[in-house]
Amino acid sequence: MRIGVLTGGGDCPGLNGVIRAVVRKGVEVYGHEFVGFRDGWKGPLEGISRPLEVADVRGILPRGGTILGSSRTNPLKVDGGVDRIRENLAAAGVDALVAIGGEDTLGVATALAAQGLTVVGVPKTIDNDLGATDYTFGFDTAVTIATEAIDRLHTTAESHHRVLICEVMGRHAGWIALHSGLAGGANVILIPERPFDIDEVCRYVEHRFALEYAPILVVAEGAVPKAGTLATVEGELDAFGHARLGGIGHLLEREIERRTGKEARATVLGHVQRGGSPTAYDRVLATRFGLHAIDAVHEGESGVMVALKGTDIVRVPLAEATRTLKTVPVERYAEAEVFFG
Ligand code: F6P
């Protein structure tokens, strides 16, 4: 077989580990050939590809980003997009695709599989918010980076008796904020699933100062105040209709200063969380996903995604992968609340 590989959506550490495992097992065990499509769905849409042989995937396991490039191109929003992909795959002699991505990339994969293309999905997102898999690679790396940042913020917050706010990624789900906040001993964690009460946040801040410690707040970029309590600004939309986030940390900075009189400073971690080398956990998960994805393609599967269930890698229908967003349950947030204030 000749198999196309692409990485779409926001990048994350571990993508190269998947590509390496797919190609190594595909070539060395099954004797397949590979072609790498550039920049997510833009590659098959515009027929832009690069060779992908074993030599091309040597040494990439510890490397962040993706050697194939990525984009948020949505071919379903382009007139005749699906037909163009079909033609370009046929022209490149490609029989099947391995699509590595999050809800948007896999949503396109689901639509293409439903229209007869052979597609196997691999889930990725630092947000860890895909319902059909227990974990996605990239999440552990992002949490590790955020935790290290929080550890560093603690020491400087104490020196200056300041409120330090750490804004982490997490558009719809607060997993990075919850895990890094727990691991880093944050005094308040704010997540999108639970609109916050600014008065309560300020009470936690004042209580922490009363104990003669400096408060650390961890806030997910998608966190929102309770309706009607604070005005927020909406960002511009991408091809999948998502707003560009970032800004809640600075809003909190201003409001906390105004309401408590204490100096507050926000650090926005942003894309630092998505860059650099994956943790060992993410390298192993990415590698196992890649090995199982190429098994699925070799066995003639389509419309499925590999997923982690407990410690096993299983196959689930692609449609199921994008059906539910995995958000932080109330009881998980309640565990963290014990440490607030
Ligand atoms: O979906 C992953 C993610 O990192 C989100 O946490 C974040 O909102 C978004 O991507 C940022 O996307 P971009 O890199 O396009 O700004």
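The values are calculated or read from the model by the stated rules, or taken from the named source; none is laboratory data. Since this is a predicted model, take the numbers as computed values, not measurements. Cβ sites come from the backbone with ideal geometry, for glycine too, and all protein chains shown count toward neighbours. Note: areas computed on protein heavy atoms with side chains; ligands, DNA, RNA excluded. Shrake-Rupley method; radii C 1.70, N 1.55, O 1.52, S 1.80 Å.
Can you list which of the DSSP-assigned H helices in the chain have a Cα extent of 24 Å or more along the long axis and an average Kyte-Doolittle score of at least -1.0?
139-160, 280-298
What does the convex hull of the Cα atoms of the chain come to per residue, in Å³, rounded to a whole number?
123 Å³
By the gyration tensor of its Cα atoms, with a ≥ b ≥ c the square roots of the eigenvalues, what is the shape of segment 48-131: rounded for a/c under 1.5, prolate for a/b over b/c, or oblate?
Oblate shape, in that a/c is at least 1.5 and b/c is the bigger or equal ratio.
Considering only E299, E193, E148, give the residue with the highest GNM mean-square fluctuation for the chain, with springs between Cα atoms whenever their separation is below 10 Å.
Among E299, E193, E148, the largest GNM mean-square fluctuation belongs to E299.
Which trypsin sites (Lys or Arg not before Pro) does segment 235-340 hold that lie in a coil by DSSP with at most 15 other beta carbons within 10 Å?
Qualifying residues, ordered by number: R244, R323.
So what's the back-of-envelope 222 nm ellipticity for the chain, counting only DSSP H runs of four-plus at -39500 (n - 2.57) apiece and dividing by all residues, rounded to 500?
-12000 deg cm²/dmol
Distance cut-off 20 Å, Cα to Cα: go down the list K124/K309; K77/K124; K226/K262; K124/K226 and report the pairs above it.
Pairs exceeding the cut-off: K77/K124; K226/K262; K124/K226.
Would you work out if segment 288-333 is rounded, prolate or oblate? Take a ≥ b ≥ c from the square roots of the eigenvalues of the alpha-carbon gyration tensor; rounded if a/c is under 1.5, else prolate when a/b is larger than b/c, oblate otherwise.
Judged from the Cα gyration tensor, segment 288-333 comes out oblate (a/c at least 1.5, b/c at or above a/b).
Please compute the contact order of segment 1-111 in relative form: average sequence separation of alpha-carbon pairs under 8 Å and at least six residues apart, divided by the residue count, as a percent.
RCO, segment 1-111: 40 percent.
Classify segment 6-51 as rounded, prolate or oblate from the Cα gyration tensor: take a ≥ b ≥ c as the square roots of its eigenvalues, call it rounded if a/c is under 1.5, otherwise prolate when a/b beats b/c and oblate if not.
Taking the square roots of the gyration eigenvalues as a ≥ b ≥ c, segment 6-51 is oblate.
Can you give the longest run of the chain that contains no chymotrypsin sites (Phe, Trp or Tyr not before Pro) sitting in a DSSP loop with at most 15 other Cβ atoms inside 10 Å?
Segment 31-212 is the longest.
How much of the accessible area of segment 187-341, in percent, comes from carbon and sulfur atoms when a 1.4 Å probe is used?
The C+S portion of the solvent-accessible surface of segment 187-341 is 52 percent.
What net charge do the residues around I313 carry, taking every other residue with its C-beta under 10 Å from that of I313, with Lys and Arg at +1 and Asp and Glu at -1?
+1
Give the long-range amide H neighbours of E167: residues separated by 5 or more places, or on another chain, with amide H under 5 Å away, using H modelled in the peptide plane at 1.01 Å from N.
Hits under the 5 Å cutoff: V219, T267, V268, L269.
When only C-alpha pairs under 8 Å and at least 6 residues apart count, what is the relative contact order of segment 161-267, in percent?
36 percent.
Which whole-number percentage describes the relative contact order of segment 251-341, with Cα contacts under 8 Å and a sequence gap of 6 or more?
13 percent
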